[in-house]
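The values are calculated or read from the model by the stated rules, or taken from the named source; none is laboratory data. Given the structure is predicted, the values throughout are model-derived calculations rather than measurements. All Cβ positions, even for glycine, are placed from backbone atoms using ideal geometry, and neighbour counts span all protein chains on display. The accessibility values were calculated without ligands, DNA or RNA, using every heavy atom of the protein model including side chains. Shrake-Rupley method; radii C 1.70, N 1.55, O 1.52, S 1.80 Å.
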Amino acid sequence: MQDMAPDIYKKLKAAFDKKRISDKSLKEISEIIDSGKGRYKDADDYAVKLGELLGEAFSENLNAESLPDGKLYYNIANRTVTPMLKENHSAVAGKCEAVQKALNEVEKLGLRAIVPELGEKYIMNIINVVTEMDDPVKITEYP
């Protein structure tokens, strides 16, 4: 049987990147943060919007038609969903760090912004739950 994970990942990543690059509201939020004028609300808005776009990419690319036997197997989920969640975390953490750094500079605090660690345990829990679902599209409904 052919290994489908690399092709699924490429499609998933391309769909997500296209959405991320073309989304006007995400671009506006990113520009505010990158200009040094971002606040916690902007970082939160960025995280929410990026998560929504990732959810859309999952729904469009992890469906019964694109998966073997219409099922999201652990091997495929681990090699497609995991790197996407890691990339999402990295992007959000970077924007949060930029906001905190800017706020510290405004207040003349000599503190460095702390980047939150990736919750590997949470990712593995998500992978375990979504691979047990009958309908892979419900991945976006994970609590």
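Numbers at a glance
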read-out: Loop-located trypsin sites (Lys or Arg not before Pro) in segment 22-124, at most 16 other Cβ atoms within 10 Å (DSSP); value: Lys37, Arg39, Lys71, Lys108, Arg112
read-out: Label point 7 Å beyond Cα of Glu107 along Cβ direction - residues of segment 12-50 with amide nitrogen under 14 Å; value: 39-41
read-out: Acute angle (nearest 10 degrees) that the helix 40-61 long axis makes with the longest principal axis of the chain, alpha-carbon atoms; value: 20 degrees
read-out: Ser25 accessible area, assembled protein chains, probe 1.4 Å, Å²; value: 50 Å²
read-out: Lysine-lysine proximity count for segment 78-138, Cα under 30 Å, sequence distance 8 or more or distinct chains; value: 9
read-out: Theoretical gain in end-to-end length, Gln2 to Asn125 [0.36 nm per residue, Cα-Cα removed]; value: 41.6 nm
read-out: nm² value of the averaged projected area, convex hull over the Cα atoms of the chain; value: 9.0 nm²
read-out: Gain on full stretching of the segment that runs from Lys10 to Ala64 - 0.36 nm per residue minus C-alpha separation; value: 17.7 nm
read-out: Spin-label pair Ile114/Lys41, simplified geometry with 7 Å Cα→Cβ offset, distance in nm; value: 2.6 nm
read-out: Under 12 Å, Cβ to Cβ, from Lys49 - net charge with Lys/Arg +1 and Asp/Glu -1; value: -2
read-out: Excluding exposed DSSP-loop GluC sites (Glu not before Pro) (at most 14 other C-beta within 10 Å), longest clean stretch of the chain; value: 1-64
read-out: With Cα atoms, 0 to 90° folded angle of helix 74-106 axis to the chain main axis; value: 10 degrees
read-out: Acute angle (nearest 10 degrees) that the helix 120-132 long axis makes with the longest principal axis of the chain, alpha-carbon atoms; value: 30 degrees
read-out: Whole-number accessible area per residue in Å² for segment 37-143, which is evaluated in the context of all protein chains at 1.4 Å; value: 59 Å²
